[in-house]
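The values are calculated or read from the model by the stated rules, or taken from the named source; none is laboratory data. Values in this document were obtained by computation on a predicted structure and should not be read as measured data. Every residue, glycine as well, gets a Cβ built from its backbone with ideal geometry; the counts of neighbours run over all protein chains shown. Areas reflect the complete protein model, heavy atoms only, side chains present, ligands, DNA and RNA absent. Shrake-Rupley method; radii C 1.70, N 1.55, O 1.52, S 1.80 Å.
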Amino acid sequence: GWKDMDEMLFGGMNKGELQIFAGGSGSGKSLVMQNMSVNWMEQGMHGVYLTLELDEGMCAHRLDSMVTGVSSRDVFRQMDEVAINLKEKSEKYGSLHLKYMPSQSNINDIRAYIRELEIKTERKIDFLMVDYLDLLMPVSVKVDPSNLFVKDKYVSEELRNLAKELNVLFVTASQ
């Protein structure tokens, strides 16, 4: 659903693959991932946005603004209007679940949350956003957290395997 990106990727992102946005701190990786989440939700997909860095309330605030079109500075002032707008859109579109997970979480923590959510909602997810991979720890090996290259290599492999296992669109970010 992102014309320029779809063309560069010869048709777009595919389920079961891992997409990684890389950039420096404050470069907009989270905003891009949140916008993609809203876009996919508006296409009728069901997904999860996991944040290991940003406060869940801040993410919810941004997402509410993106979904409703109400500027982020006005979301709290127009809370009743925002709530009505969100309810109307939730009946028309897919769903987006936002979850904070602590740093040092791992793939098994993500897998457990997804399984619980799918059981609770009786719905399989179509996409997963993990913000971001650098804050995850690998399950498959013990690594020194200070060796970021090795740690992130294993985490990336585990995320790719999870994307395949769940057969979802999967996007994460890295600094």
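A few notes on this one:
- For GLU116 and ASP74, the difference between the fully extended length at 0.36 nm per residue and the C-alpha to C-alpha distance is 11.7 nm.
- Rg(Cα)/(2.2 N^0.38 Å) for the range 96-175, N = residue count: 1.09
- Residue by residue, the range 117-126 carries 3J(HN,Hα) couplings of 4, 5, 5, 5, 8, 6, 8, 7, 7, 9 Hz when phi is fed to the Karplus relation 6.51 cos²θ - 1.76 cosθ + 1.60 (θ = phi - 60°); x denotes Gly or Pro.
- The chain: angle of helix 56-68 to the longest principal axis, Cα-based, in degrees nearest 10: 50 degrees
- Acute angle (nearest 10 degrees) that the helix 29-42 long axis makes with the longest principal axis of the chain, alpha-carbon atoms: 60 degrees
- Cα gyration tensor, the range 49-96 - rounded (a/c under 1.5), prolate or oblate: oblate
- Shown for the chain: the carbon plus sulfur share of the solvent-accessible area, taken with all protein chains present and a 1.4 angstrom probe, equals 52%.
- Among VAL67, ILE114, SER95 - extreme Cα towards positive end, dipole of the range 64-119, charges at beta-carbon: ILE114
- Overall, the anisotropy analysis places the range 1-143 in the rounded class: the square-rooted eigenvalues a ≥ b ≥ c of its C-alpha gyration tensor yield a/c less than 1.5.
- Listed residue pairs exceeding 31 Å between alpha carbons, taken from LYS92/LYS151; LYS15/LYS142; LYS3/LYS151; LYS120/LYS142; LYS142/LYS164; LYS29/LYS89: LYS92/LYS151; LYS3/LYS151; LYS120/LYS142
- Point-charge dipole on Cβ atoms (K/R +1, D/E -1) for the chain, about Cα centre, debye to 20: 220 debye
- Accessible area expressed per residue, the chain, with surrounding protein chains retained (probe 1.4 Å, Å²): 54 Å²
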